[in-house]
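Peer 1: Below is the structure I would like to discuss, written out as structure tokens.
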Protein chains: 2
Amino acid sequence: MKKEEILEKTKYYSSWKSDYNYIMSIFSFDLETIAPKAASEEANKAFARIETDYFKVLKSDDYIDYVKEAYLRRDEFPLEYKRLFEMQHRDYERTKNISPELQYEMSLLFGTSYTKWLEAKEKGDYSIYQDTFSKVVDMTRKILSLRGKNKGTLYDICLDDYEPGNNEKILDKFFKEIKEGILPILKKVVLSKVERREDFLEYSVPIPLQEKISNFLLKFNEFDTNRGLLSTTEHPFTTFPSENDIRVTTHYHENMFTSNIYSVIHEGGHAIFGQNIPHKFFTIGLSDNITSAMHETISRFYENYIGRNPHYIKHIYNKVKEICNDIFSDVSFDDFYKGINIAKPTLIRTDSDELTYCIHILIRYELEKDLVNGKISTQGLNLEWNKKYKEYLGITPPSDKEGILQDVHWTGGSFGYFPSYAIGNAYGAMILNRMKEDFDFDKALEDGDLLKIKNWLKNNVFDIAPMNDPNDWILKITGREFTTKDYIDYLNEKYSKLYNF
Amino acid sequence: MKKEEILEKTKYYSSWKSDYNYIMSIFSFDLETIAPKAASEEANKAFARIETDYFKVLKSDDYIDYVKEAYLRRDEFPLEYKRLFEMQHRDYERTKNISPELQYEMSLLFGTSYTKWLEAKEKGDYSIYQDTFSKVVDMTRKILSLRGKNKGTLYDICLDDYEPGNNEKILDKFFKEIKEGILPILKKVVLSKVERREDFLEYSVPIPLQEKISNFLLKFNEFDTNRGLLSTTEHPFTTFPSENDIRVTTHYHENMFTSNIYSVIHEGGHAIFGQNIPHKFFTIGLSDNITSAMHETISRFYENYIGRNPHYIKHIYNKVKEICNDIFSDVSFDDFYKGINIAKPTLIRTDSDELTYCIHILIRYELEKDLVNGKISTQGLNLEWNKKYKEYLGITPPSDKEGILQDVHWTGGSFGYFPSYAIGNAYGAMILNRMKEDFDFDKALEDGDLLKIKNWLKNNVFDIAPMNDPNDWILKITGREFTTKDYIDYLNEKYSKLYNF
């Protein structure tokens, strides 16, 4: 193959991939936001069809010959190409033993699984979903076992797929540090005599007012509303159909207005990351070469290090008072700030505070590890879930809706994703400390200068993301090896101040 | 090819087509409702890609061999299959000289054209769009001239494509009757001394209230909200992505609440038709084998014969009073009914009354006929448009927004579609008279028994639609040949009562 031919094929396939990814993302977005449930079966069938047709092209001789040759000769090309060729080859290795028939079966199963999960969640009854969930776990194990020779466990493959270089040994150590760092702080918080107003967190805020708050926050945080949009869904997510079309979703609860606020800030963080990837990476097809932990670093950076900082909350407070004046007339800024930062064991991960958040992840990590490795089954897994919540947080879900059915991830076989949130928290604390060396972070928040923060992130964090695996990325940003120290120190400092210990 | 093989391929391709049509419809729906404009270029490119890939399958040897063989042997199969094989063969004949490259070029052009039209319409300036529009006309003429030997004009092909059997000669006669029937009535109306309240038609009605009215109307008319949804767009349309996912769109104007009402009733009519096609036609792939005129018959049946009937308007009136009580406190039912049925020359087709509606169509018919046949060019076509409005209706658009840029149809090369609305009006009057032989139509409307009407339409009109070309269809429904008489009689009777002549 001539070098020109490799370049030609790169151009062709990158353009082809972005076209199909655009279309599939929109279809999937539509399904998770507005599509009538009555059409789920037809929709799942259609989606499985296009996903499989896409997969068939990736299995074609033409594509595989190109991928192999480009990979072998990657050193002849500029760095971006080299990176692309490595990524393509990694993906090829991951799927080379999977047939289009199996891919179709899997797509169809994951589609059905989502529909079934929605139904079960609505009814708060895991037994409705368990049978389908078993099939999802079996399919995941089957796919993983087709990966060829593997030194570790099946779950090791999941972890490495999400964050190249990770495995159970590394993550066991990581979660041990997280657990030993957080639980003692939580204990002190729970024993603390400090009291906070919580009543206003349940004040009724009509959805049209909450929508205004959402729109304010997205703009305030420098989300480009011309190149994306906000919609609603059951389980908020962000999707990246195309360079100029990046979509945020949220979910409104009339009696829990902060749920929307922190969803929007979190998902907005993902979107801001996506909107600020340099154009050249879209052209070559590397724009989505960002791991989950890298993405969660940014979304949780916005949600917590920015979003729960007193200076930032001051802006939220002012805007909320402006939009819903009568509703919060008896709430002072001090009430507001401290109420939002209450730490205590709760049931729902996405609505939990900064301190307990990683305990929610720890529970999911322990369960999914055993599930993928075949040490436990889906039978009675809701009870296992509840047992762990009792053990770590001392509370029990009233139904499976607030228990095992709360998250969407496992329904699509995304085992190994959850740790990304915890790793992202730890990465974020390291990035925060590095950022503070360059400018006064609190002052920027006080000034409402989110552009300064975004620009710093763009130059130091976003721009280099597609070219680096997560460990190299954090090293290049901070000059340091990955550690949980910054994160635990941050939590200690924050909560000792808030709870006087 | 064995008979079983033909059946097998029929099953495969029907399923394949419905999957891809589902996906393409959703993408296109998204584009026309919520997609960020900044992504238009990427979106158009993606859409052209999938449309062309779809087209390539229809050009494959496997598909063409199957289509030809099935067509030759159509008499060996049950009637539904025979019909499908005929339709497939007709489509094959239409596209056999079009290459995938030309298809791609056309898709891309029509996508860009829509984007450009939106921009020009917003600015009310035809000159922004004219250059693109020229390309659309040229492309349309090129595609038509590739159709092989043709006895008539290029526009004859357009007409036959939309309504098999139609041609300029038939339509010239049809529009002559329409013109000679309607203009004298309009003259009497314009000269009439009868005065009507029009002020309340411009009362400001907040969009959330209008949304409530929309939802009421869709349900009241028996649209199944579990199997579809309502969204908003620039130019209202209905789309039929799948059997259980049929979507209506509308457009809200705060100072013209009836515009939404009649859009929703009209588009809801299309949707009710789509939702009531027998299941078997979806399975075999004949569900969308319904011509534009057949579809417009039903949408305009709901909009006018039902929607502008006094008994029906009584229900709208009561609901509008209930939802926006304070706003219409000074409006009596008599004001309301007569105000809605005011007939007078206006500029916007979709908001025009029953009487002048077909004059709007006549103008488009005369222009598009000459345009497609190459007798006039797009240069100065906005002025030609204005001239005809002056000639037939005595009024002139203040800008191209209310003139030539008001409609979306031509932007996607849909020349020959407009006559469908006028034909649909005439079909509808024949159907109305036939329906009245079976039950008391006014009584059903008075009782709000829209189910009775829907069921009659289902049994007599919808069920036989996919199996018949329009002329056979109307003959089977009414036992009579197509005529404009019922329609003109209806208008005469209605407006002589309203305007005392």
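Peer 1: If a residue must be in a helix (DSSP H, G or I) and either surrounded by fewer than 19 Cβ atoms within 10 Å (Cβ to Cβ) or touching an Asp or Glu at 6+ places or on another chain (Cβ under 8 Å) (or both), how many such residues does region A:430-451 contain?
Peer 2: Count: 12.
Peer 1: Would you be able to say whether some residue in region A:483-490 is open to solvent by 60 Å² or more (accessible area, probe 1.4 Å), at pLDDT 95 or above and either part of a helix (DSSP H, G or I) or within 23 Å of A:G307 (Cβ to Cβ) (or both)?
Peer 2: The answer is yes; a qualifying residue exists.
Peer 1: When only residues in region B:11-23 that are facing chain A (nearest Cβ under 10 Å) and open to solvent by less than 20 Å² (accessible area, probe 1.4 Å) count, which is farthest from the chain's Cα centre (by Cα)?
Peer 2: Going through the qualifying residues, I end up with B:W16.
Peer 1: Still on this structure, I have one more. Taking the stated definitions as given, is B:I178 in a helix (DSSP H, G or I) and of a type in the set (V, I, T)?
Peer 2: Considered against the rule, which asks whether it is in a helix (DSSP H, G or I) and of a type in the set (V, I, T), B:I178 comes out as yes.
Peer 1: Assuming A:E119 fulfils every condition listed in (1) over 27 Å from A:S15 (Cα atoms); (2) within 22 Å of the chain's Cα centre (by Cα); (3) open to solvent by 60 Å² or more (accessible area, probe 1.4 Å) apart from one, which condition is it?
Peer 2: Tallying (1) over 27 Å from A:S15 (Cα atoms); (2) within 22 Å of the chain's Cα centre (by Cα); (3) open to solvent by 60 Å² or more (accessible area, probe 1.4 Å), A:E119 fails exactly one: (2).
Peer 1: Residue under question is A:K45, and the condition is that it be in contact (Cβ under 8 Å) with a residue 24 or more places away in the chain, farther than 23 Å from B:N44 by Cβ and in a helix (DSSP H, G or I); does it hold?
Peer 2: It is true that A:K45 is in contact (Cβ under 8 Å) with a residue 24 or more places away in the chain, farther than 23 Å from B:N44 by Cβ and in a helix (DSSP H, G or I).
Peer 1: Another one. For region B:97-138, how many residues meet the condition of being in contact with a helix residue (DSSP H, G or I) (Cβ under 8 Å, 6 or more places away or on another chain) and either on the phi > 0 side of the Ramachandran plot or not in a helix (DSSP H, G or I) (or both)?
Peer 2: Residues meeting the conditions: 1.
Peer 1: Okay, next question. Counting only residues that are within 10 Å of the chain's Cα centre (by Cα) and hydrophobic (A, V, I, L, M, F, W, C), how many does region B:271-305 have?
Peer 2: Residues that pass the stated criteria total 3.
Peer 1: Okay, next question. Give the residues of region B:454-481 that are part of a loop (DSSP other than H, G, I, E, B), closer than 23 Å to B:I277 by Cα and open to solvent by 20 Å² or more (accessible area, probe 1.4 Å), sorted by residue number.
Peer 2: B:D463, B:I464, B:D469, B:G479
Peer 1: How many residues are of a type in the set (A, V, I, L, M) and free of Cβ contacts under 8 Å to residues at least 60 places away in the same chain if we restrict to region B:381-430?
Peer 2: The qualifying residues number 4.
Peer 1: Residue by residue through region B:60-82, note down the ones that are buried (at least 16 other Cβ atoms within 10 Å of the Cβ) and either more than 23 Å from B:F282 (Cα to Cα) or of a type outside the set (D, E, K, R) (or both).
Peer 2: B:Y63, B:Y66, B:V67, B:A70, B:Y71, B:F77, B:Y81 - these are the residues of region B:60-82 that are buried (at least 16 other Cβ atoms within 10 Å of the Cβ) and either more than 23 Å from B:F282 (Cα to Cα) or of a type outside the set (D, E, K, R) (or both).
Peer 1: Before we move on, is B:G394 of a type in the set (G, A, S), more than 24 Å from the chain's Cα centre (by Cα), open to solvent by 50 Å² or more (accessible area, probe 1.4 Å) and outside the structural domain of B:A120 (by TED's automatic domain parsing)?
Peer 2: Judged against the criteria, B:G394 is not a match.
Peer 1: I'm checking my understanding of the structure. Among residues of region B:238-284 that are charged (D, E, K, R) and touching a residue at least 40 places away in the same chain (Cβ under 8 Å), which one is farthest from B:I464 (Cα to Cα)?
Peer 2: So, considering only residues that are charged (D, E, K, R) and touching a residue at least 40 places away in the same chain (Cβ under 8 Å), the one farthest from B:I464 (Cα to Cα) is B:E254.
Peer 1: Please tell me if A:E8 is within 12 Å of chain B (Cβ to nearest Cβ), open to solvent by 50 Å² or more (accessible area, probe 1.4 Å) and modelled with pLDDT of 95 or more.
Peer 2: So A:E8 fails the test.
Peer 1: Step by step: first the residues of region A:261-276, then only those that are open to solvent by less than 10 Å² (accessible area, probe 1.4 Å) and either among the β-branched types (V, I, T) or in contact with a Pro (Cβ under 8 Å, 6 or more places away or on another chain) (or both), then the one that is nearest to A:F29 (Cα to Cα). Which residue is that?
Peer 2: A:V264
Peer 1: Moving on to the next point. In this structure, is A:N373 within 25 Å of A:Y305 (Cα to Cα) and either open to solvent by 10 Å² or more (accessible area, probe 1.4 Å) or in contact with a Ser or Thr (Cβ under 7 Å, 6 or more places away or on another chain) (or both)?
Peer 2: Answer is no for this residue.
Peer 1: I would also like to ask the following. List the number of the failed condition for A:F328; all other conditions in (1) crowded, with 20+ Cβ neighbours inside 10 Å; (2) aromatic (F, W, Y); (3) more than 25 Å from the chain's Cα centre (by Cα) hold.
Peer 2: (1)
Peer 1: Considering only residues that are assigned to a helix (DSSP H, G or I) and in contact with a Lys or Arg (Cβ under 8 Å, 6 or more places away or on another chain), look in region B:24-42 and name the one that is surrounded by the fewest Cβ atoms within 10 Å (Cβ to Cβ).
Peer 2: If we take residues in region B:24-42 being assigned to a helix (DSSP H, G or I) and in contact with a Lys or Arg (Cβ under 8 Å, 6 or more places away or on another chain), then B:A38 is surrounded by the fewest Cβ atoms within 10 Å (Cβ to Cβ).
Peer 1: Check region A:278-286 and report whether any residue there is surrounded by fewer than 20 Cβ atoms within 10 Å (Cβ to Cβ), assigned by TED's automatic domain parsing to the domain that holds A:I316 and under 18 Å from A:I477 (Cα atoms).
Peer 2: Within region A:278-286 (the criterion being surrounded by fewer than 20 Cβ atoms within 10 Å (Cβ to Cβ), assigned by TED's automatic domain parsing to the domain that holds A:I316 and under 18 Å from A:I477 (Cα atoms)), the answer is yes, since at least one residue qualifies.
Peer 1: Here is a follow-up. Looking only at region B:47-79, count how many residues are away from every other protein chain (no Cβ under 14 Å) and basic (K, R).
Peer 2: The qualifying residues number 4.
Peer 1: Those residues that are modelled with pLDDT of 95 or more, in a helix (DSSP H, G or I) and of a type in the set (D, E), I need them from region A:350-390; list them, please.
Peer 2: Within region A:350-390, A:E354, A:E366, A:E368, A:D370, A:E384 qualify.
Peer 1: Give the residue that is nearest to A:T115 (Cα to Cα), with candidates limited to residues of region A:401-429 that are in a helix (DSSP H, G or I) and among the small types (G, A, S).
Peer 2: A:G412
Peer 1: Now for a separate question. I need the full set of residues from region A:30-45 which are of a type outside the set (A, V, I, L, M) and either within 14 Å of B:F240 (Cβ to Cβ) or at the interface with chain B (Cβ under 7 Å from one of its Cβ atoms) (or both), in order please.
Peer 2: A:D30, A:P36, A:E42, A:K45 - these are the residues of region A:30-45 that are of a type outside the set (A, V, I, L, M) and either within 14 Å of B:F240 (Cβ to Cβ) or at the interface with chain B (Cβ under 7 Å from one of its Cβ atoms) (or both).
Peer 1: Can B:N166 be described as of a type in the set (S, T, N, Q), outside any helix (DSSP H, G or I) and over 30 Å from B:N492 (Cα atoms)?
Peer 2: No, not satisfied.
The values are calculated or read from the model by the stated rules, or taken from the named source; none is laboratory data. Please read these numbers as outputs of a predicted model, since none were measured by experiment. Cβ atoms come from the backbone with ideal geometry, glycine included; neighbour counts cover every protein chain shown. The area values use the complete protein model at the heavy-atom level, side chains included, leaving out ligands, DNA and RNA. Shrake-Rupley method; radii C 1.70, N 1.55, O 1.52, S 1.80 Å.
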